[in-house]
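Trainee: Take a look at the following structure, please.
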Amino acid sequence: TMSGITLDGTDQLSTSASGANSWSATDARGTGAGWNLTILATDFTGGDPLRTIDISTATSEFKIQLLDANVTVTAGNTKPVSQVTTLTPIPEITALKFLSAASDTGMGTYGIAPNFELEVEASVYAETYTSTITVTAVTGP
């Protein structure tokens, strides 16, 4: 969930509260092969399909940040490492690696609480916009 904004003729930022998104990742394979998580997102669309927030433009990027403090060990060995410790644009086409567990680490269950930010241009129409976020688990660090 992102914060609401008031359209007032200026560019705005919609954000998620720090640590508000509570995800988990589990590697129960027992192989120690390592793994990583990648993320993609679609443009934000409103009720009218012609009204979109194009996240591929420099003025309306959708970004992710995962602070080290927001990756916690629930049960397991050494926690995975964030690849996005600063706000980083989420792409639409080529997946972004945002969390990685090296070989012989990341075995167990881990809490993940990323932050998000969406730049909203002043020209956006007032309505509710949605995006589909795809997170993929990949074998190997």
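The values are calculated or read from the model by the stated rules, or taken from the named source; none is laboratory data. Note that the structure is a prediction, hence the values are computed from the model and not measured. FYI the Cβ positions are ideal-geometry reconstructions off the backbone, even for glycines, and counts take in every protein chain you see. We work out accessible area using only protein heavy atoms, side chains counted, and drop any ligands, DNA or RNA first. Shrake-Rupley method; radii C 1.70, N 1.55, O 1.52, S 1.80 Å.
Trainee: Tell me which label goes with the value of P(r) over Cα pairs in 10 Å bins from 0, in percent computed from the coordinates here: (1) 12, 39, 29, 15, 5, 0; (2) 11, 42, 38, 9, 0; (3) 13, 46, 33, 8, 0.
Mentor: Correct label, based on the coordinates given: (1).
Trainee: Tell me the accessible surface of Val138 in square angstrom (1.4 angstrom probe, heavy atoms of protein chains only), to the nearest ten.
Mentor: 60 Å²
Trainee: Evaluate the distance, in nm, between pseudo-label points positioned 7 Å from the Cα of Glu121 and of Asp11 along their respective Cα→Cβ axes.
Mentor: Going from the Glu121 label point to the Asp11 one covers 1.0 nm.
Trainee: Roughly speaking, to the nearest percent, how much of the range 1-123's 1.4 Å accessible area is carbon and sulfur?
Mentor: Carbon and sulfur together cover 54 percent of it.
Trainee: Taking a probe of 1.4 Å, how large is the accessible area per residue of the chain, in Å²?
Mentor: 52 Å²
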